[in-house]
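Reviewing the structure listed below.
The values are calculated or read from the model by the stated rules, or taken from the named source; none is laboratory data. Please read these numbers as outputs of a predicted model, since none were measured by experiment. When we count neighbours, we look across all protein chains shown, and the Cβ atoms used for this are built from the backbone with ideal geometry, even at glycine.
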Amino acid sequence: MEIKWLVRIWTRYWPMFIRGAGITLFISVIGTIIGFIIGLIVGVIRTIPISEKKGKRVLSKCINSLLTAYVEFFRGTPMIVQAMVIYYGSAVAFGIHLDRLAAAIFIVSINTGAYMAEVVRGGIISIDRGQFEAAQAIGMNHVQTMINVVLPQVIRNILPATGNEFVINIKDTSVLSVISVTELFFQTKSIAGNNFRYSEAFFITSIVYLIMTITITRILRVFERKLDGPANYDLLGNQMQVQKIENMLEEDSSLRKKA
Amino acid sequence: MEKVIDIQHLSKSFGTNEVLKDINFSVNKGEVVCIIGSSGSGKSTLLRCINLLEKPNGGKIIYNKENILDVGHNIYEHRTKLGMVFQQFNLFNNHNVLSNCTVGQVKVLGRSDKDAEKTAIKYLKVVGMEQYVNAKPGQLSGGQKQRVAIARALSMEPDVMLFDEPTSSLDPEMVGEVLKVMKELAESGLTMLVVTHEMGFAKEVADRVVFMDKGVIAEEGGPEQIFNNPKEERTKEFLKRILKEI
């Protein structure tokens, strides 16, 4: 690896790197958000208590086995293979030519969804039963309980896992180069192909990936702290008393100084 | 006297374990009924059956002349008429004190935010927690949490309040503040059904005391009768055991 080539490649091709990084970020941000929503929905459906009515019970069993199949399939096969099957498969079998970017987002979303569904299910199970009971006791149904009480707590608890998934997505979008999505990895391959300086080009790319993942991690950490709210609370209508204590302390210290 | 809750031949089992056997009893409007008995006697299960947190296996629960166990009875609406206070407080961890008391009013009863807030403050004042509206449950002591839980239940303006061992998980020094609030509520004429181990409270506040043993109501009557002249041998034994501990 030579420094002068590093500099030359960057100064010459930086717009391509940035564009590739932009596409990578775009796919992983949208994919993670949609996947997160899919995961929430699937997780909530899978934790609905089993109904006593027979019709409903059969229906919920059917839906549950479908969802289980979805989770197992997308967790159990490599994303690179899914990309090939979905992109080329849809073209051969149905004659549909998917837009590459749309296909990329679709693949990342359902993949993330499958992982997040399990994370969400775990998050819901870990919430104390008392929270469900208290919500039910004031008359909330399953959906109201989930939206107002359980999911806000689940989301806070699974944010670290979501951050993990986000970072994995940023890196794993590189496999989408097999369906010629012009993300960072694909762009780097073209750049390197122009001058056969593979190590320099990919070294720059690794730095770009690193900047993206570290930034995202930091942003999520800030977001977490924001969700936790302030560490202290103010007493209402009690300022007078607080004032008094402070005054007392001040008086106390001034007295001590005099003494 | 008007019966608010009338329970007839109620039974409940968990698997093969029969927890409630042919329970018959009723609560009148404005009455304070305390249920006492040793652990595992079915007191809490009985209370939880009344707002259908547990589904009974047989019998009837007549609430304001309607059997709530009928198929198609709206259990969500039924639950809004009963306020429940749990042993473990169960405050919503993602809400602060104020919104713990408003979320049910807004989402379930459909009140406006402003009305809900006004009602919540009113009942937070009753339990003496109005200064803490901005605090999160994790920042409060046990006694404070339980008082907020009582305000949350009251904010729904229920007809009947159910208390499921409200002081059992509190430090001894915090029991008093919760019992004081409950006593004030009882004096205000609220219908209350209290499962408790606080014999002093039951003796002083209850209009009627129900003693449960092994899934049946062994004896019921005024506090004078139950605590001073129990008729049943089981009641005598239980009271002797409990009072010795104290």
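Of the candidates A:Gly139, A:Gly113, A:Gly163, A:Gly123, the single residue that is at positive phi and surrounded by 19 or more Cβ atoms within 10 Å (Cβ to Cβ) is A:Gly139.
Among the residues in the range B:105-119, are any surrounded by 20 or more Cβ atoms within 10 Å (Cβ to Cβ), under 26 Å from B:Ala186 (Cβ atoms) and in contact with a strand residue (DSSP E or B) (Cβ under 6 Å, 6 or more places away or on another chain)? Within the range B:105-119 (the criterion being surrounded by 20 or more Cβ atoms within 10 Å (Cβ to Cβ), under 26 Å from B:Ala186 (Cβ atoms) and in contact with a strand residue (DSSP E or B) (Cβ under 6 Å, 6 or more places away or on another chain)), the answer is no, since none of the residues qualifies. Which residue out of A:Leu227, A:Leu220 is in a helix (DSSP H, G or I), surrounded by fewer than 14 Cβ atoms within 10 Å (Cβ to Cβ) and in contact with a helix residue (DSSP H, G or I) (Cβ under 8 Å, 6 or more places away or on another chain)? None of the others qualify; the one that does is A:Leu227. Annotation note: of A:Thr162, A:Thr173, A:Thr182, the sole residue that is farther than 30 Å from A:Glu2 by Cα, hydroxyl-bearing (Ser, Thr, Tyr) and touching a residue at least 12 places away in the same chain (Cβ under 8 Å) is A:Thr162. Residues in the range B:20-59 that are surrounded by fewer than 18 Cβ atoms within 10 Å (Cβ to Cβ) and more than 26 Å from B:Ser188 (Cβ to Cβ): 10 in all. Is it true that some residue in the range A:20-41 is more than 22 Å from A:Leu176 (Cβ to Cβ) and either surrounded by 12 or more Cβ atoms within 10 Å (Cβ to Cβ) or assigned by TED's automatic domain parsing to the domain that holds A:Met146 (or both)? Within the range A:20-41, one or more residues are more than 22 Å from A:Leu176 (Cβ to Cβ) and either surrounded by 12 or more Cβ atoms within 10 Å (Cβ to Cβ) or assigned by TED's automatic domain parsing to the domain that holds A:Met146 (or both). The test for being within 14 Å of another protein chain (Cβ to nearest Cβ), assigned to a helix (DSSP H, G or I) and buried (at least 20 other Cβ atoms within 10 Å of the Cβ) does not hold for A:Asn157. Scoring A:Ile107 on the criteria (1) away from every other protein chain (no Cβ under 14 Å); (2) surrounded by fewer than 22 Cβ atoms within 10 Å (Cβ to Cβ); (3) in contact (Cβ under 8 Å) with a residue 40 or more places away in the chain leaves a single failure, condition (2). Of everything in the range A:191-210, what is surrounded by 14 or more Cβ atoms within 10 Å (Cβ to Cβ), of a type outside the set (Val, Ile, Thr) and more than 27 Å from the chain's Cα centre (by Cα)? Give them in sequence order. A:Ala192, A:Asn195, A:Arg197, A:Tyr198, A:Glu200, A:Ala201, listed by residue number.
To keep it simple, each residue is scored yes or no on (1) within 14 Å of chain B (Cβ to nearest Cβ); (2) of a type outside the set (Ser, Thr, Tyr); (3) in contact with a Gly (Cβ under 7 Å, 6 or more places away or on another chain).
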site	(1), (2), (3)
A:Leu184	no, yes, yes
A:Gln187	no, yes, yes
A:Ala192	no, yes, no
A:Arg197	no, yes, no
A:Glu200	no, yes, no
A:Leu220	no, yes, yes
A:Asn232	yes, yes, no
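Okay, residues lined up against (1) surrounded by fewer than 22 Cβ atoms within 10 Å (Cβ to Cβ); (2) in contact with a strand residue (DSSP E or B) (Cβ under 6 Å, 6 or more places away or on another chain); (3) touching a residue at least 40 places away in the same chain (Cβ under 8 Å):
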{"residue": "B:Gln131", "(1), (2), (3)": "yes, no, no"}
{"residue": "B:Asn134", "(1), (2), (3)": "yes, no, no"}
{"residue": "B:Gly138", "(1), (2), (3)": "yes, no, yes"}
{"residue": "B:Ser141", "(1), (2), (3)": "yes, no, no"}
{"residue": "B:Val148", "(1), (2), (3)": "no, no, yes"}
{"residue": "B:Glu157", "(1), (2), (3)": "yes, no, no"}
{"residue": "B:Leu162", "(1), (2), (3)": "no, yes, yes"}
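As for the range B:205-228, it holds no residue that is among the polar types (S, T, N, Q) and either touching a Leu at 6+ places or on another chain (Cβ under 9 Å) or surrounded by 19 or more Cβ atoms within 10 Å (Cβ to Cβ) (or both).
For residues in the range B:60-98 being outside any loop (DSSP other than H, G, I, E, B) and surrounded by fewer than 21 Cβ atoms within 10 Å (Cβ to Cβ), which is nearest to the other protein chains (Cβ to nearest Cβ)? Per the criteria, the residue is B:Tyr76.
Checking the stated criteria, B:Phe163 turns out to be within 19 Å of B:Gln88 (Cβ to Cβ), part of a strand (DSSP E or B) and among the aromatic types (Phe, Trp, Tyr).
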